[in-house]
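Working notes for the structure below.
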Amino acid sequence: MKKIVMTGGGTAGHVTPNIALMPSLKEAGFEISYIGSYEGIEKGLIEKLGVPYYGVSTGKFRRYMDVRNFSDPFRVLKGIREAKKILKDISPDIVFSKGGFVSVPVVKAASSLKIPCVVHESDFTPGLANKLCFPMAKTVCCDFPETMHMLPEGKGVLTGSPVRSELLTGSAEKGRELCGFADDKPVLMVIGGSQGAAAVNQAVRDALPGLLQKYYVVHLCGKDKMDNLLLTREGYKQFEYVTDGLADIFAMADIVVSRAGANSIFELLTLRKPNILIPLPGGRGDQILNAESFQEQGFSIMIDQDDLSTSYLTDKINYLYSNRESFIKAMSASKQNDAIGLITDILIKAAE
């Protein structure tokens with residue numbers, strides 16, 4: 001049996017694609033272990049799956065002045081020593097890194113032990129942690145065709161992002177039952193998310209009088225963002241978030257309005273859900289670049305948050321629904337919607 005060590009953490013976005021890959025890797029005969037930070041978000045998510053978990057010291061690499069810039073390099077050096085010992089004990093055939101700063105000491109340690117590494121970059125523009133890992137990687141997988149020219153020559157492979165297989169098993173009938181919707185109107189799904197979702201949530205709620213004439217609306221609005229005044233609004237169902245039943249809600253949805261985080265939009269691509277993306281402004285700007293790429297490829301319609309208005313949003317939703325088949329056709333032809341199969345094949349070959 002081949003052994004693989006997976007790494008990545010700091011945010012759920014660096015962990016959930018690894019989790020999505022695990023069933024395929026197990027089916028391919030890999031024994032899986034995971035290296036993350038001592039107490040990062042990845043620890044709870046991975047231990048819950050029963051996968052052996054090891055913590056190492058990590059530090060953040062900052063492009064700005066901070067007193068921790070003087071201490072964090074020592075934490076990284078400690079993490080490299082710890083990761084090297086763990087890797088010697090496990091003796092894996094391959095390391096797969098999903099990014100985040102915890103991945104740097106793991107990839108560095110693997111490289112020093114001559115263990116091949118495959119790195120996955122979800123963002124449109126590679127983050128600093130992954131950039132530090134690229135020279136040590138055998139292959140660098142990415143989500144967007146535009147990212148390929150930013151990767152080391154000869155190492156880049158366009159794969160898309162792994163999506164949880166259980167999302168493909170939903171029942172539209174169960175979704176309508178969960179939300180209390182009949183089958184006489186199409187369903188608009190809104191994924192408000194958490195960070196910075198207030199503008200999207202409010203725009204959708206302002207547009208409800210017009211939208212509910214044509215659609216049922218299911219709204220995943222984020223923690224503590226329910227509107228109690230709308231709890232009994234006919235045809236409108238709110239959830240803070242959904243775990244059990246999410247696949248059924250996706251199956252039920254005819255069209256979707258969402259933020260433009262990489263994991264979210266690749267779920268929409270894999271499920272072939274025509275969508276409107278309203279990227280989160282600010283930060284490194286990757287949500288904007290993600291949305292522009294998906295719009296250019298014919299998968300999505302992009303709306304700038306500054307342009308949100310009741311009439312504009314409603315017009316775009318109606319246009320999307322009327323032309324949904326063209327978006328589905330474009331998504332069906334994409335080479336980025338079988339990431340699990342592509343990455344598994346890459347890892348099998350790299351581990352030989």
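From the set of residues in region 139-158 that are of a type in the set (Val, Ile, Thr) and under 20 Å from residue 334 (Cβ atoms), which is surrounded by the fewest Cβ atoms within 10 Å (Cβ to Cβ)?
Residues of region 139-158 of a type in the set (Val, Ile, Thr): 139-140, 147, 157.
Filter once more, so that each one left must be under 20 Å from residue 334 (Cβ atoms): 140, 147, 157.
Details: 140: 25, 147: 21, 157: 15.
Among residues in region 139-158 that are of a type in the set (Val, Ile, Thr) and under 20 Å from residue 334 (Cβ atoms), the one surrounded by the fewest Cβ atoms within 10 Å (Cβ to Cβ) is 157.
Of the residues in region 295-312, how many are assigned to a helix (DSSP H, G or I) and within 22 Å of residue 269 (Cβ to Cβ)? Give the steps one after another, and end with the answer.
Pass one, region 295-312, residues assigned to a helix (DSSP H, G or I): 295-296, 305-307, 310-312.
Subset that is within 22 Å of residue 269 (Cβ to Cβ): 295-296, 305.
Within region 295-312, residues that are assigned to a helix (DSSP H, G or I) and within 22 Å of residue 269 (Cβ to Cβ) number 3.
Looking only at region 91-108, decide whether some residue is surrounded by fewer than 21 Cβ atoms within 10 Å (Cβ to Cβ), of a type in the set (Gly, Ala, Ser) and out of contact with any helix residue (DSSP H, G or I) (no Cβ under 7 Å at 6 or more places or on another chain).
yes
Being over 25 Å from residue 286 (Cβ atoms) and free of Cβ contacts under 8 Å to residues at least 60 places away in the same chain is the filter here; which residues of region 243-263 pass it?
We begin by selecting, within region 243-263, every residue over 25 Å from residue 286 (Cβ atoms); these are 243-245, 247-249, 251-252, 254.
Result: 243, 244.
If residue 343 passes every condition in (1) surrounded by fewer than 23 Cβ atoms within 10 Å (Cβ to Cβ); (2) not assigned by TED's automatic domain parsing to the domain that holds residue 190 but one, which one does it miss?
(1)
Pick out, from region 202-268, the strands (runs of 3 or more DSSP E) lying fully within it that include 2 or more residues that are aromatic (Phe, Trp, Tyr). Write out each step before concluding.
Details: elements: 216-220, 236-239, 255-258.
So the answer is 236-239.
Suppose we keep only residues that are free of Cβ contacts under 8 Å to residues at least 24 places away in the same chain and of a type in the set (Phe, Trp, Tyr) within region 310-352. Which one would you say is farthest from residue 164 (Cα to Cα)?
Among those that are free of Cβ contacts under 8 Å to residues at least 24 places away in the same chain and of a type in the set (Phe, Trp, Tyr), it is 312.
Can you name the number of the only condition in (1) surrounded by 17 or more Cβ atoms within 10 Å (Cβ to Cβ); (2) under 30 Å from residue 147 (Cα atoms) that residue 170 fails?
(2)
So how many residues does region 10-44 have that are crowded, with 18+ Cβ neighbours inside 10 Å and without any contact (Cβ under 8 Å) to a residue 60 or more places away in the chain?
Number satisfying all stated conditions: 5.
In region 128-138, what count of residues is obtained for those that are surrounded by fewer than 22 Cβ atoms within 10 Å (Cβ to Cβ) and touching a residue at least 40 places away in the same chain (Cβ under 8 Å)?
3
Aromatic (Phe, Trp, Tyr), within 20 Å of residue 17 (Cβ to Cβ) and surrounded by 19 or more Cβ atoms within 10 Å (Cβ to Cβ) - does that describe any residue in region 245-252? Lay out the reasoning, then the answer.
Let us first name the residues in region 245-252 that are aromatic (Phe, Trp, Tyr), namely 250.
Among the residues that remain, those that are also within 20 Å of residue 17 (Cβ to Cβ) are: 250.
When the remaining residues are screened for being surrounded by 19 or more Cβ atoms within 10 Å (Cβ to Cβ), the result is 250.
Yes, because at least one residue in region 245-252 is aromatic (Phe, Trp, Tyr), within 20 Å of residue 17 (Cβ to Cβ) and surrounded by 19 or more Cβ atoms within 10 Å (Cβ to Cβ).
If you go through region 139-171 one residue at a time, how many are touching a strand residue (DSSP E or B) at 6+ places or on another chain (Cβ under 9 Å) and without any contact (Cβ under 8 Å) to a residue 60 or more places away in the chain?
Applying the first criterion (touching a strand residue (DSSP E or B) at 6+ places or on another chain (Cβ under 9 Å)) to region 139-171 yields 139-145, 147-152, 155-162.
Filter once more, so that each one left must be without any contact (Cβ under 8 Å) to a residue 60 or more places away in the chain: 140, 142, 147-152, 155-156.
The number of residues fulfilling the criteria is 10.
Quick one: in region 104-129, of everything that is among the hydrophobic types (A, V, I, L, M, F, W, C), over 21 Å from residue 150 (Cα atoms) and assigned to a helix (DSSP H, G or I), which residue is nearest to the chain's Cα centre (by Cα)?
106
With respect to residue 212, determine if the residue is in the same structural domain as residue 282 (by TED's automatic domain parsing), modelled with pLDDT of 95 or more and either farther than 30 Å from residue 346 by Cα or crowded, with 21+ Cβ neighbours inside 10 Å (or both). Please lay out each step first, then the result.
On the way: in the same structural domain as residue 282 (by TED's automatic domain parsing): yes; modelled with pLDDT of 95 or more: yes; either farther than 30 Å from residue 346 by Cα or crowded, with 21+ Cβ neighbours inside 10 Å (or both): yes.
The answer is yes for residue 212.
Looking at region 253-282 only, could you name the residues that are over 26 Å from residue 21 (Cβ atoms) and either surrounded by fewer than 20 Cβ atoms within 10 Å (Cβ to Cβ) or touching a His at 6+ places or on another chain (Cβ under 7 Å) (or both)?
Across region 253-282, the qualifying residues are 254, 281, 282.
Go through region 215-244 and count every residue that is crowded, with 19+ Cβ neighbours inside 10 Å and polar (S, T, N, Q).
Total satisfying the criteria: 1.
Give just the number: which of (1) at pLDDT 95 or above; (2) farther than 16 Å from residue 97 by Cβ; (3) not hydroxyl-bearing (Ser, Thr, Tyr) does residue 118 not satisfy?
(2)
Conditions tested, residue by residue: (1) touching a Phe, Trp or Tyr at 6+ places or on another chain (Cβ under 7 Å); (2) closer than 19 Å to residue 266 by Cα; (3) not β-branched (Val, Ile, Thr).
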| position | (1), (2), (3) |
| --- | --- |
| 87 | no, no, yes |
| 95 | no, no, no |
| 112 | no, no, yes |
| 137 | no, no, yes |
| 143 | yes, yes, yes |
| 164 | no, yes, yes |
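For residues that are part of a helix (DSSP H, G or I) and without any contact (Cβ under 8 Å) to a residue 40 or more places away in the chain, scanning just region 178-201, find the one that is surrounded by the most Cβ atoms within 10 Å (Cβ to Cβ).
Going through region 178-201, the residues part of a helix (DSSP H, G or I) turn out to be 178-179, 198-201.
Filter once more, so that each one left must be without any contact (Cβ under 8 Å) to a residue 40 or more places away in the chain: 198, 201.
Values: 198: 12, 201: 20.
Once the filter is applied, the top-ranked residue is 201.
The values are calculated or read from the model by the stated rules, or taken from the named source; none is laboratory data. Predicted, not measured: the structure shown is a model, and the values here were computed from it. Virtual Cβ from ideal backbone geometry, glycine too; neighbours counted across all protein chains shown.
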